[in-house]
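Beneath this line is the structure, given in structure tokens, with notes to follow.
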Ligand code: BGP
């Protein structure tokens, strides 16, 4: 047993995204989003229109089964549930003047269900699901008009749900646009044709939009808490060579610029240098500067892995690292999808973020994507997912250490508390859930839900506010 101490009122739960669970891609007046044309996942090229092999079109049918699923979350004792609103349910094309009432009503019903079970909603406004029309007609966030469309959408949500939803996130993993311009920023220009100038102009528009709607939320209701959401990624030097440490510093700057701007309200000096040296002259208006000054209430982030960096171009080239680049860490094991498992990295990143910004933090994604085997035990179908329990246990032990270190942390939501469609690969076999969903990569399956062994384990963690976690040495290679 550990002495893990989580503060009273610590929020425990799980996180999802509309496009990975809802399905019903063309029901209720919904327009198409960029997810409806990326059947192989957001790391891969788009296709012309929706195709039958795209698992996201049906998802796990949360659109029709939300009440049953939320009841299962309540059974685990969730006190928070993170989900996203599909922008294209509210504004099907993204640039309309008035919202789609049927879309708004769907999220009313989801909120009713959460309220019934006393679960606090945590809502992402944009989770990799830009309306397709905005990508095709405007080239997504490259175009300044997106700021206005997004503001209208966010305002609609704050006005409609602001008295029931306190916690809001503006853009999921906003720093991912560096790697996936279409999936993250709705930028239709193919990646190899996109100039650095256009990419950073798009980033600038997103940062301004995020800050502007933070102000709007506070104007509508000063009690609302608005956070940014970034991919966290502790980066270690591959060796003690100072060149490797400089490589780490540069990689950190590229990632942390997004939350630096969100928390400080302006571009830091290292970003100005990067723009200067790359001939990037951004179009920044006085209004933009004023908007950016509206900083976030908290910083939220996903955590799955750490990476190493090297200053040696040869090592970097050879070292096919994790999905987000970098060089593999020779001391760490990896998941079946090659994501390196590093519980202590979570403590490191919590301290780094807290020391850097002194803003409350929220871990809004963490978990293990793994292939599960459905088996029968005592007449019940289940999954004996001890590997998932070990992963989550070891990460949470490090979270407790960070809290001990003095980090202010509001809550923890595991990624995919119920199996869902993977963002990077669009597979269902990359499962994260405490709840198994009977659906296969070829689209077959009954969609029936089954509790895995981790279901009761997580319920116990929540019931004891972390006291049931076990301090033990994390997995070694
Ligand atoms: C994050 C995304 C999520 C989610 C998660 C796991 O990057 O915010 O949408 O899917 O990663 O990734 P994957 O689904 O690719 O395993």
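The values are calculated or read from the model by the stated rules, or taken from the named source; none is laboratory data. Everything quoted here is computed from the prediction, not taken from an experiment. We place every Cβ from the backbone using ideal geometry, glycine too, and count neighbours over all the protein chains shown.
Give the number of residues within segment 261-279 that are assigned to a loop (DSSP other than H, G, I, E, B) and surrounded by fewer than 18 Cβ atoms within 10 Å (Cβ to Cβ). Lay out the reasoning, then the answer.
Step one: list which residues in segment 261-279 are assigned to a loop (DSSP other than H, G, I, E, B), which gives 265-268, 278-279.
Now narrow it down to the ones that are surrounded by fewer than 18 Cβ atoms within 10 Å (Cβ to Cβ): 265-266, 268, 278-279.
Summing the residues that are assigned to a loop (DSSP other than H, G, I, E, B) and surrounded by fewer than 18 Cβ atoms within 10 Å (Cβ to Cβ) in segment 261-279 gives 5.
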- Going through (1) assigned to a loop (DSSP other than H, G, I, E, B); (2) free of Cβ contacts under 8 Å to residues at least 60 places away in the same chain one by one, residue 88 fails only at (1)
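Can you tell me which residue in segment 437-460 is nearest to residue 51 (Cα to Cα), limited to those that are in a loop (DSSP other than H, G, I, E, B) and within 16 Å of the ligand (Cβ to nearest atom)? Steps first, please.
Of all residues in segment 437-460, those in a loop (DSSP other than H, G, I, E, B) come to 438-448, 452.
Imposing the further condition that a residue be within 16 Å of the ligand (Cβ to nearest atom) reduces the set to 439, 441.
Working: 439: 17, 441: 14 Å.
Only one residue fits best here, namely 441.
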- Message: So in segment 330-365, with the set limited to residues that are surrounded by fewer than 16 Cβ atoms within 10 Å (Cβ to Cβ) and more than 15 Å from residue 306 (Cα to Cα), which one is modelled with the lowest pLDDT?
- Response: 336
- Query: Residues in segment 195-206: is at least one modelled with pLDDT of 95 or more and either within 16 Å of the ligand (Cβ to nearest atom) or part of a loop (DSSP other than H, G, I, E, B) (or both)?
  - Reply: yes
- Message: Can you confirm whether residue 83 is within 16 Å of the ligand (Cβ to nearest atom), buried (at least 17 other Cβ atoms within 10 Å of the Cβ) and touching a residue at least 24 places away in the same chain (Cβ under 8 Å)?
- Response: yes
- Examine segment 230-244 for a residue that is within 16 Å of the ligand (Cβ to nearest atom), at pLDDT below 95 and within 25 Å of the chain's Cα centre (by Cα), and state whether such a residue exists. yes
- Item | Number of positions in segment 404-436 that are surrounded by 16 or more Cβ atoms within 10 Å (Cβ to Cβ), more than 14 Å from the ligand (Cβ to nearest atom) and either without any contact (Cβ under 8 Å) to a residue 60 or more places away in the chain or more than 17 Å from residue 366 (Cα to Cα) (or both) | 2
- Query: In this structure, does residue 374 turn out to be surrounded by 15 or more Cβ atoms within 10 Å (Cβ to Cβ) and touching a residue at least 24 places away in the same chain (Cβ under 8 Å)?
  - Reply: no
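Residue check: is residue 345 assigned to a loop (DSSP other than H, G, I, E, B) and under 24 Å from residue 299 (Cα atoms)? Write out each step before concluding.
Numbers: assigned to a loop (DSSP other than H, G, I, E, B): no; under 24 Å from residue 299 (Cα atoms): yes.
Here the answer is no, as residue 345 does not meet what is asked.
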- Leading residue by the ranking (surrounded by the most Cβ atoms within 10 Å (Cβ to Cβ)) among those in segment 191-204 that are touching a residue at least 40 places away in the same chain (Cβ under 8 Å) and out of contact with any helix residue (DSSP H, G or I) (no Cβ under 8 Å at 6 or more places or on another chain): 197
- Task: Of the numbered conditions (1) within 16 Å of the ligand (Cβ to nearest atom); (2) touching a residue at least 60 places away in the same chain (Cβ under 8 Å), residue 387 fails exactly one; give the number of that condition.
- Result: (2)
